Amino acid sequence: MAGVKSFILGYTGETGKALVKQLAQDGHFTKIVLIGRREVDLDAGIQETNKFEQKVINFDNIAEFKDSVSECDVGFCCLGTTRRKGGVDHFIKVDRDYVVNSARVAKEVGCKHFQVVTAYGANKNSFFTYNKTKGEVEELLKGLEFDRLSIFRPGLLLGKRVEKRPLERFLSVMLTPLVKLSPKDSSVHFDILAKAMINNVTAEKPHDPVETIDNKTIHSIANQDAN
């Protein structure tokens, strides 16, 4: 599988940045559109690949998104924020509404394979806002009926963040014994998650158009050689 054209939503976050770095070196991908609310400076080595194009859009006016992804076969979605930044309503707006609305537009213009990062414990019926929102995203995306929908449910995300997230830091400390006991079941580094998402594009298409990929499987896919 070669000549893949793709887009990334949420490319300024840690998983998104890992995707950009790895896609720059992956010969299967010839064009990657970076979709975001602001433009950022890319490393010189990444720019020199001539694969990447940045598009700044207003997610509240999602129609702007169409032309940006009209030639893309695959979408990577790592879009997200925290309640700490703007409260519960802002979190739901970004993590659910922006993701689903973007996916809907991508589907309309021909995107066949959409890959999204949700979370371990995602459940539309959960009492917890975070898990409930992630679960609602999954259900809404299933309703769009992509040719292939890949839902990644990582456990605790490891790696150095530029943005400080107190809750994740707290969970990291609390879950340290579990992570040490069974790291592949409970945690994954940003780089490994990105590698799994990339490898999954070229992996054999599953019989079911919707695949939910847990933390352990993320590690397994990341360790597979791309076809």
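The values are calculated or read from the model by the stated rules, or taken from the named source; none is laboratory data. If you're wondering where the values come from, they're calculated on a predicted model, not measured in any experiment. Note: ideal-geometry Cβ built from the backbone for every residue, glycine included; neighbour counts use all protein chains shown. In case anyone asks, the SASA skips ligands and DNA or RNA and just uses the protein heavy atoms, side chains included. Shrake-Rupley method; radii C 1.70, N 1.55, O 1.52, S 1.80 Å.
Within the same chain, aspartates and glutamates fewer than 8 places from K184 are excluded, and of the rest, those with a Cα less than 16 Å from its Cα are D214. Using Cβ point charges alone (K and R +1, D and E -1), the dipole size of the chain about the Cα centre works out to roughly 760 debye. Excluding ligands, DNA and RNA, the accessible surface per residue across the chain is 52 Å² with a 1.4 Å probe. Relative contact order of the chain: 18 percent, from C-alpha pairs under 8 Å at least 6 residues apart in sequence. Computed over neighbours whose Cβ is under 11 Å from that of N123, the net charge equals +1, Lys and Arg +1, Asp and Glu -1. With a cut-off of 20 Å on the backbone N, the residues of segment 20-47 near the modelled label site 7 Å out from N58 along Cα-Cβ are 35-40.
Across the accessible surface of segment 1-81, with the other protein chains kept in place and a 1.4 Å probe, carbon and sulfur atoms take up 40 percent. Karplus-based coupling profile of segment 55-61, in residue order and whole Hz: 10, 8, 10, 9, 5, 7, 10, with θ = phi - 60° in 6.51 cos²θ - 1.76 cosθ + 1.60 and x standing for Gly or Pro. Pairs over the 22 Å Cα-Cα cut-off, from the set K85/K132; K93/K124; K134/K205; K112/K195: K134/K205. In segment 2-94, the alpha-carbon atoms span a convex hull of 93 Å³ per residue. With the helix formula -39500 (n - 2.57) applied to DSSP H stretches of n ≥ 4, the chain reaches a computed 222 nm mean residue ellipticity of -11000 deg cm²/dmol.
In nm, give the distance between the simple-model label positions of T217 and A2, each being 7 Å from the Cα along the Cα-to-Cβ direction. Calculated label separation equals 3.0 nm.
Membrane-span-like helices in the chain (whole DSSP H runs, Cα extent of at least 18 Å along the helix axis, mean Kyte-Doolittle hydropathy of at least -1.0): 190-202. Between K66 and Q22, what is the label-point separation in nm under the 7 Å Cα-to-beta-carbon projection? Roughly 3.3 nm, to one decimal. Segment 1-26 and segment 60-114 have their alpha-carbon centroids 15 Å apart.
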